[in-house]
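Encoded as C-alpha cells, the structure appears first; notes follow it.
The values are calculated or read from the model by the stated rules, or taken from the named source; none is laboratory data. Keep in mind that what you see is a predicted model, and the values were worked out from it rather than measured. In this analysis, Cβ positions are derived from the backbone assuming ideal geometry, glycine residues included, and neighbour counts consider all displayed protein chains. These area figures cover heavy atoms from the full protein model, side chains too; ligands, DNA and RNA do not enter into them. Shrake-Rupley method; radii C 1.70, N 1.55, O 1.52, S 1.80 Å.
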Amino acid sequence: MASGHEQVVFCSDPESGLRAVIAVYSTALGPALGGTRFFPYASEEAAVADALALSRAMAYKNSLAGLDLGGGKAVIIGDPRTDKTEALLRAYGRFVESLGGRYLTACDVGTYNADLDVVARETRFAHGRSEAFGGCGDSSVLTAFGVFQGMRAAAQHRWGAPTLAGRTVAVAGVGKVGSWLVDRLVADGASVLVTDVDPGAVARVRARHPQVTAVADTETLVRTPHDVYAPCALGGALDDETVAALPAQIVCGGANNQLAHEGTAQQLVDRGVLYAPDYLVNAGGVIQVEDERHGFSFARAESKATSIFDVALRVFAAADAEGVSPAVAADRLAEERMRSVGRLATIRLPR
C-alpha cells in the first residue's frame, strides 16, 4: 500500500500452473493499460517488485503520451519456453476479465500477439492482438519508431540537428525493438554497434546490415567509444558502474526502468550525459496498442507516435529551465496531466 498503487491482485490457478500478479497503479486518466510479462522470477517478491515498478512507469508513460489511460502491468511467474500453455493463458484471461476493465492487457517480454489471441478467448480486455484478429500486430515496430524520434530530439537538443548521421550509436539488445531501431539508425546514416545475449539476434541484424559492428557483451559495448547509448533489453541497465564508464553524450533506448536507482538520473546530469526518459521515448508501442481500441490504423498510430519528438524537446527544455534532470522534468509533466485531467476522467469500458 505504501507504493501508492490502487490495486494489486495475486492470481493462482493450480490446475494450469498459473501464478501471476496484476498491479494497477492508477486509473485517474482511464483504464490501466500495460503488458503481460512472462518471466522466470527467482521469487514471488521479485515478481511483485517488477509488477509494481512497471505499472507505475506505465501510468507515467500513458499520461506523457497524451493517452486517456491509466497504468497497470501483469507478470506471470514461469519460463515461457516451457510453462506457457493454452490452459494457463486462458486462466490468466479469466483473471483479467474479473477486473471488469480496470486493467487492459497487452504483450510484453515473453508474450506475443498469438498469446493475446488466446487470452482474448476469455476476456474483452486483451489488446495487441494478431492482425488476423483485427489487432495491431507487432507493437515493437512503433516502439522503435518512438525511440528513434526521442533520439532525434536528443540530438537536436545536444548537437543542434535532429539526425544521427555521422554519430555512433551503441544498441544493447537487438531483439524485437532493438532490431527495428537499428534499421532506422542505419537509414539515418549512423554508425551502429550492437550486442545481445542471443547470438542469433545479432546474426539476423548483421545479415540485413553487414556494416553494423558486433561486440561480445554489454560490458564491452559500454566501454567502446560511441555518442549515443541505447539500452533495449531488460531494466536496470544504467547502474553505477555503467554510468561511470559511459563515453556517450546521450542515453536513449527502448528498455523499461533503465535507471538502477533514484540517484542515477542526477549521476548522468553530473557526467554531462543527456538522458531521454525511457517511458517517454518507448511509448510508441502503447500508442500502437491503444489505437487498436478504435479500429487499428497503422498510419494514424504512427502519426501519433511522431509527437514523441516534440514531447522530448519539451522535457529537455523544462529540465534545463528548472535545473533538474530530464527524468524529474518528465515525471512532473506526467503528474501535472494526471492531476489536471485525471480528476475529471472516468473509466471508459469497451462496448
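Beta bridges per DSSP, both residues in the chain: antiparallel share near 30 percent.
Separation of the stretch 208-247 and the stretch 43-61, taken as the distance between their Cα centroids, equals 25 angstrom. Each Cα pair under 8 Å and six or more residues apart adds its separation to the average, and for the chain the resulting relative contact order is 17 percent. A dipole drawn for the stretch 135-200 from +1 and -1 charges on Cβ atoms has a positive end, and of SER139, ALA154, VAL177 the residue lying farthest that way is ALA154.
The slack between ARG121 and ALA207, meaning 0.36 nm per residue of separation minus the straight C-alpha distance, is 27.2 nm. Here the 3J(HN,Hα) profile of the stretch 57-69, calculated from phi with Karplus coefficients 6.51, -1.76 and 1.60 at θ = phi - 60°, is 4, 5, 4, 5, 4, 5, 5, 5, 6, x, 8, 8, 9 Hz, Gly and Pro shown as x. Per-residue surface analysis assigns LYS304 an accessible area of about 70 Å², computed on protein heavy atoms at 1.4 Å probe radius. Treating r as the C-beta distance of SER303 and ARG81 and R0 as 25 Å, the FRET efficiency rounds to 0.10. Across the stretch 162-170, rounded Karplus estimates of 3J(HN,Hα) from the backbone phi angles (6.51 cos²θ - 1.76 cosθ + 1.60, θ = phi - 60°) give x, 8, 9, 4, x, 9, 9, 10, 9 Hz, Gly and Pro being marked x.
Summarising the amide proton neighbourhood of TYR275: residues at separation of 5 or more, or on other chains, whose placed amide H is nearer than 5 Å comprise VAL251. Taking the centroid of alpha carbons for each part, the stretch 80-142 and the stretch 283-323 are 23 Å apart. Extending 7 Å from Cα along the Cβ direction at ALA317 and again at GLN7 yields two label points whose distance is 3.9 nm. Close amide H pairs (under 5 Å, H built 1.01 Å from N) link ALA233 with ALA255, residues at least 5 positions away or on another chain. Amide H contacts for VAL192 (H built 1.01 Å from N in the peptide plane; partners 5 or more residues away or on another chain; cut-off under 5 Å): VAL169, THR213. With a ≥ b ≥ c taken as the square roots of the eigenvalues of the C-alpha gyration tensor of the stretch 200-316, please select rounded if a/c is under 1.5 and otherwise prolate if a/b is larger than b/c or oblate if it is not? Judged from the Cα gyration tensor, the stretch 200-316 comes out oblate (a/c at least 1.5, b/c at or above a/b). With all protein chains present, how much of the accessible area of the stretch 30-132 (probe radius 1.4 Å) comes from carbon and sulfur, to the nearest whole percent? After summing per-atom areas, the C and S share lands at 51 percent.
For the stretch 92-194, the dipole from Cβ point charges (+1 on Lys and Arg, -1 on Asp and Glu) about the Cα centre works out to 320 debye, to the nearest 20. With the highest mean first, a sort of the peptides 325-337, 167-179 on other beta-carbon atoms found within 10 angstrom per residue produces 167-179, 325-337.
Relative to the Cα centre, the charge distribution of the stretch 223-288, modelled as +1 at Lys and Arg Cβ and -1 at Asp and Glu Cβ, gives a dipole magnitude of about 180 debye. Residues considered: HIS226, HIS294, HIS127. Largest GNM mean-square fluctuation over the chain, using C-alpha springs under 10 Å, is found at HIS294. The local environment of ASP138, defined by Cβ-Cβ distances under 10 Å, has a net charge of 0 under the rule Lys, Arg +1 and Asp, Glu -1.
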